[in-house]
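Contents: one structure, followed by commentary.
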Amino acid sequence: MTLQRPSYITEVFDLDVTDDVTGGVQSPLPVASARAFLSRAFGRNLMVPKLVTGLVKSNRDEPEHRGGERVQIVACLSERRARVRLHEAVGSEYAVAWARDWDEIEALVRKMAVDVIVVDPTHTGGIGMEAIPRLRERYPSVPVVIYTEFRAELAESLIAWGDAGACGAAFLDQSDSEWDLKRLVNVASARSAAEQVLLALERELPDLSEDVRRVLRVGLYEATSLHTVEAWSKTAGLSRRRFYRLFSDAGLPTPKTCLQWLRLLYAAKSLSDPGVSVEDVVFRMRYSAPPNFWTHVRNMLGISPTQMRWSVTAEDLADRFAQMCRENARRMAGSDE
C-alpha cells in the first residue's frame, strides 16, 4: 500500500514512504511503524500543519529570523547531544535559557519574555508526558516545539500533543540537522506573542512601510527592556534623527508615544496567559515598582491592570492604537495643506 501524502511534502524522515522502502536513515523506529504513525497523523487535518512541520522538508517558503530583534528560547532537553545540536543550530542568533525541570521552565516563562519553548516531554527530570497540554493551557501565547527521540510507543502521545497545540517536532538523530532545527524554531517564533501583536497592528495599519514594520518589530521583541526612545533607536540601528523622521513620514505619533503603546500591547498579550500574573508582568517588563505599571495602564486606558486583563485584549488595544495613528496622520495631512 502507498501512503497518500499532502502534495507539498517532499520528504518524510528522509525516507520514501512507498512499499519499496529499503531504508535510508538509521532509526530506532521500524519503517512499518513509521508508516502507521504517519498514515494516522496525515489522516487528521489538525496534525498536518503542526507536528508534521518538524518531520518534513517542504517546498513552501518558511519564515526566517529577520535579525535586529532578540528571540528568547527556553529549552529543557535531557539528552546532551540534543542540547549541543540546538545550541549549534540557533545559539548564534537566539538567546537560549536552559531549564532542568518543569519548575524551572515555568519560572523562566513567567519572569522572562519567552518567545519559544523547546522541550522533551519524555524528560526524566520531572517534565512528564502532560507537559505539552499543561504548557499550552497555562501559556497559550508561547509556541511549543517538541524535540525528542521518536519511538513507536510515542505515536499516540504525538497525536495528542499536536491536538494540544504543539507547533512542531524534531526527532533526535532523524530530523534534527542544523537546517531542520533552525527552520523549526523560525516557524515557531513566527507565532510568538510579539509576532501576534505585530500581525494585529499590520491588519489595522496595512500601509506601513517595511522600515516602519521592522522598527515596530524590534520594539515589540524588546518591549520588556526598552524604556527610552534612544535605546529603541540604537537597538534598531538608526540615528536619532533618522528614527524620528521615519515616524513623522509615516504619520505616526511620536516614538515615545508609540513605545508606550508597544509596551502596553505586549503587557496585555502577556496577561492573556492564565499562568502569568500581574506581578509577573511587572517583573518581566522591568518596572522599578508595581505602582509604575499601574500608573502606566491608568494613564493610557483609565483602568487598572487587573481590569485590563479581564476586559481588554491585545487585539482591542491594537485597534485603539491604529485609530490614534490614523487620526494623527489626518491631522498632519491637514496641517500641510
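One chain, two ends: Glu137 and Ala329. Fully extended at 0.36 nm per residue, the span grows by 65.1 nm beyond their Cα-Cα distance.
If a/c stays under 1.5 just call it rounded; otherwise compare a/b with b/c (prolate if a/b is bigger, oblate if not). Do that for region 233-290, with a ≥ b ≥ c from the square roots of the Cα gyration tensor eigenvalues. In terms of gyration-tensor shape, prolate.
Efficiency by 1/(1 + (r/R0)^6): what FRET value for Asp211 and Glu156, r their Cβ-Cβ distance, R0 = 41 Å, to the nearest 0.05? Walk me through the numbers before you get to the answer.
Numbers: r = 48 Å, r/R0 = 1.18.
With R0 = 41 Å, the Cβ-Cβ based efficiency is 0.25.
Every number here is computed from the coordinates shown, using simple stated rules; none is lab data. Bear in mind the structure is a predicted one, so any value in this text is a computation, not a measurement. No Cβ is skipped: glycine too gets one built from the backbone with ideal geometry, and neighbour counts run over all protein chains shown.
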